[in-house]
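Presented below is the structure to which this report refers.
Coordinate-derived values only; no laboratory data. This structure is a prediction, so every number in the text was calculated from the model and none was measured. Positions of Cβ are backbone-derived with ideal geometry, glycine not excepted, and every protein chain shown enters the neighbour counts.
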Amino acid sequence: MIKLLGLGVAASLLFTPITGLVDSSSLQKSSVSEVSSAKSYSFNNNIYEEPGTGTKILVGDGVKVPELARGKEAVKIVRVNQRGGAFNDSFTCEPTDGINLNIWMMNNSGQSVQFQVRRNGVEFTDQAIAVGSQKTISFTDMLGNGLDGYYEVYIYSLLGYSLDVDVSARQF
């Protein structure tokens, strides 16, 4: 009986997968580096995840976020009226500036315009905004650590018409 038990233990060690005997932290590092080379964005549930960083950001098309006192915000694009050619601006968000970001635009032009927003090179929206309409794109850090990243805002006309748009962005 003892010989059978010993034979069973020896057989179980023989058939144990090698991954069970290797340091698990080294396996996790290799799998994280593989995943971190890819970006993941799901429009259906409006959550942007950046593999390898743990960043989770709620992205919305006019998502309601709490208003704070004006003294507790960082203005990233001071409200500007752009007339003529395309509007193109970029800014960097710092976690200490807040967990919410609103990018707003109003189309005062006589034609529809395209409103494009990117974060760290990933396009979140490129949509037509009708004459007289406004749009707010909101980002919220779901972990509460504060938003970071490089944001680009590009507003243009598909047919080359002159623009008349108001634009602003603030982090709070």
field: Separation of the Thr96 and Leu143 label points, Cα + 7 Å toward Cβ, nm
entry: 1.9 nm
message: Report the gain in length on full extension from Gln127 to Ser162: 0.36 nm times residue separation, minus Cα-Cα distance, nm rounded to one decimal.
response: 10.8 nm
- line: So, over other residues within a Cβ distance under 11 Å of Gly146, counting Lys, Arg +1 and Asp, Glu -1, the net charge is -4
query: For the stretch 121-172, how big is Rg over Rh, using alpha carbon atoms and the Kirkwood form of Rh?
result: 1.01
- line: Share of Cα-Cα pairs in the stretch 82-163 beyond 20 Å, whole percent, is 35 percent
